[in-house]
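K.L.:
I have a structure I would like to understand better, so I am pasting it below and will then ask my questions one at a time.
Quick note: the coordinates plus some simple rules give every number you see, no bench work behind them. Everything quoted here is computed from the prediction, not taken from an experiment. Positions of Cβ are generated from backbone atoms using ideal geometry, with glycine treated the same way; all protein chains shown enter the neighbour counts.
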Amino acid sequence: MAKFELKLPQMGESVAEATLTAWLKEVGDTIEMDEAVFEIATDKVDSEVPSEVEGVLLEKLFNIDDIIKVGQTVAVIELEGGSESGGAMHTDQKGETTEVLPEEVSVLEEKVANVQELVGSTAQSFADTTRFYSPLVKNIAREEGITTSELDGIVGTGKEGRVTKNDILAYIKSGKPEITEVAKPVVEPVRAPEPVKQKTTVSAEPHQVTRVQSNGEDEIIPMTRMGKLIAHHMIESISTSAHVQSFIEVDVTKVVAWRNKVKDAFQKSEGEKLTFTPIFMEAVAKALKKFPMVNISVEGETVIRKKNINIGMAAALPDGNLIVPVIKNADQLNLVGMAKVVNDLANRARNNALKPDEVKDGTYTVTNVGSFGSVFGTPIINQPQVGILALGAIRKMPSVIETAEGDFIGIRSKMFLSHSYDHRVVNGALGGMFVKAVADYLEAWDVDREI
């Protein structure tokens with residue numbers, strides 16, 4: 001029987017490797033299509049990796065706690081024979097059932113095998129879609145000239161709507177010219193890797209690591225796997241970006257009054273709690289739209305201005321670690337939609353139920369240090385982004401209020417916004433104007449605004 005190599009899929013824009021945390025199948029076990037085979041973890045999310053085929057687990061190539069590179073083969077699966085009908089059945093978008101015959105599958109699988117061998121992990125990755133596709137499905141799409149928009153339009157019959165091999169084969173059979181011979185795969189040119197930049201040291205003196213002394217009464221606590229990955233990510237960010245901060249005080253009295261007025265009606269009509277977070281996210285999305293050069297990444301000596309505004313929101317986990325789910329196309333959501341997305345991502349983050357696609361492709365990050373009582377903070381940039389905004393605690397404060405009749409003292413609700421940004425590409429003027437735009441939007445909040 002034929003063998004299939006189950007590889008580690010691409011988990012996100014900046015994720016190059018993952019840690020194998022558990023095997024869910026043993027050698028000799030039968031595996032169904034889309035059934036999870038093993039679990040992996042990155043500094044962003046823990047996830048199960050499903051099989052793209054049916055068969056029997058023949059070989060496990062890595063052990064638990066091993067580091068696996070994206071594209072590496074993790075397991076070998078011995079493929080089982082076809083179904084009793086002799087072909088695979090697929091239901092298309094119109095609800096019609098199509099049979100993919102074994103000879104058609106054989107021809108296409110031979111072509112896919114050639115593509116996998118020649119282009120491997122350097123081929124086009126369909127990075128302009130937020131939908132997850134297995135490496136096998138991508139290779140078939142690439143060989144058959146299927147565009148990203150076409151691929152996104154295929155209704156998947158796999159777990160959580162994933163497009164399976166049979167789905168794409170049925171699509172090709174019903175909508176593409178009949179395949180009469182095996183075409184030679186077109187190999188895309190491989191881009192030469194970027195030269196490795198040499199890190200400079202502050203001092204010529206060798207770095208001395210001071211050992212921490214402990215006695216018998218001290219408790220030794222090993223860092224968790226995620227803790228070690230986050231620590232590495234933070235140190236890497238500090239050594240990559242030239243961090244600088246701008247702080248601004250914001251009068252959010254109108255925002256507080258409006259939320260207090262509508263929150264009960266909002267929960268009754270939408271079934272969702274209305275927190276301050278979606279309001280702040282809306283303000284940040286508006287500012288990013290106004291200042292697109294904050295919505296960028298740096299690659300070598302070039303700047304990549306992101307088309308989409310995808311805002312990450314740092315969420316605390318029960319074990320004390322952090323995870324950053326991403327609100328995709330945040331500028332296209334109204335406040336109701338924003339509240340639903342924020343609540344959903346936050347709840348599933350706390351329950352460790354986020355999908356890999358939901359923690360990748362962020363273009364800017366917001367963290368709420370005020371939820372722990374902090375007035376302001378100096379957050380570390382989430383690479384490869386160039387900015388992050390910290391929301392401070394909202395406090396009632398005496399404040400000077402200017403009116404046409406003169407100044408007087410009143411009680412106002414205020415907070416600090418702390419903007420950390422990469423001074424390599426965002427100067428003080430742009431960084432300051434951006435956070436000022438967020439503040440202006442919040443201070444001009446319409447207290448008569450409809451939900």
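K.L.:
Could you sort the peptides 334-340, 383-389 by per-residue average Cβ neighbour count (10 Å cutoff), highest mean leading? Could you put the intermediate results ahead of the total?
P.N.:
Working: 334-340: 16.7, 383-389: 23.3.
Put in order of decreasing packing, that is 383-389, 334-340.
K.L.:
In a solvent-free Debye calculation with one equal scatterer on each Cα, what is log10 I(q)/I(0) for the stretch 229-443 at q = 0.12 Å⁻¹, listed in the order of the q values?
P.N.:
The calculated log intensity ratios at q = 0.12 Å⁻¹ are -0.64.
K.L.:
Among DSSP beta bridges lying fully in the stretch 229-443, give the percent that are antiparallel, nearest 5. Walk me through the numbers on the way to the answer.
P.N.:
Details: 31 of 37 bridges.
Just about 85 percent of them are antiparallel.
K.L.:
Please compute the net charge surrounding residue 271, taking Lys and Arg as +1 and Asp and Glu as -1 over other residues with Cβ under 15 Å from its Cβ.
P.N.:
Working: positive: 263, 268, 273, 340; negative: 264, 270, 272, 344.
Charge balance in the 15 Å sphere: 0.
K.L.:
On to the next question. Between 324, 429, 267, whose Cα lies farthest towards the positive end of the dipole of the stretch 229-443 when Lys and Arg beta carbons carry +1 and Asp and Glu beta carbons carry -1, centred on the Cα centre?
P.N.:
So the residue we want is 267.
K.L.:
Compute the Cα gyration tensor for the stretch 234-292, then decide on rounded, prolate or oblate, letting a ≥ b ≥ c be the square roots of its eigenvalues: rounded whenever a/c is under 1.5, prolate when a/b is larger than b/c in the other cases, and oblate in all that remain.
P.N.:
Working: a/c = 2.72, a/b = 2.18, b/c = 1.25.
Because a/c hits 1.5 or more and a/b exceeds b/c, the stretch 234-292 counts as prolate.
K.L.:
Moving on to the next point. Could you order peptides 252-259, 294-301, 164-171, 321-328 by the average number of other Cβ atoms within 10 Å of their residues, highest first? Walk me through the intermediate numbers first.
P.N.:
Details: 252-259: 18.8, 294-301: 16.2, 164-171: 23.6, 321-328: 21.1.
Sorting 252-259, 294-301, 164-171, 321-328 by mean packing, highest first, produces 164-171, 321-328, 252-259, 294-301.
K.L.:
What does the net charge come to around residue 399 if you take all other residues with beta carbon closer than 9 Å to its beta carbon, with K and R at +1 and D and E at -1? Walk me through the numbers on the way to the answer.
P.N.:
Numbers: positive: 412, 414; negative: 251.
Summing Lys and Arg as +1 and Asp and Glu as -1 gives +1.
K.L.:
Exposure proxy check: 31, 451 ranked by fewest other beta carbons within 10 Å?
P.N.:
Details: 31 23, 451 14.
Result, fewest neighbours first: 451, 31.
K.L.:
Can you give the Kirkwood hydrodynamic radius of the stretch 275-351 from its Cα pairs, in Å with one decimal?
P.N.:
Numbers: mean 1/r = 0.0744 Å⁻¹.
Kirkwood radius, the stretch 275-351: 13.4 Å.
K.L.:
Order these peptides, 33-41, 242-250, by their mean beta-carbon neighbour count within 10 angstrom, highest first. Mind showing how you got there, number by number?
P.N.:
On the way: 33-41: 18.8, 242-250: 16.8.
Ranked by mean Cβ neighbours within 10 Å, highest first: 33-41, 242-250.
K.L.:
Can you tally the net charge around residue 27? Count Lys and Arg as +1, Asp and Glu as -1, for every other residue whose Cβ sits under 12 Å from the Cβ of residue 27. Please report the intermediate quantities before stating the final value.
P.N.:
Working: positive: 25, 60; negative: 26, 29, 59, 78.
For residues surrounding residue 27, the net value is -2.
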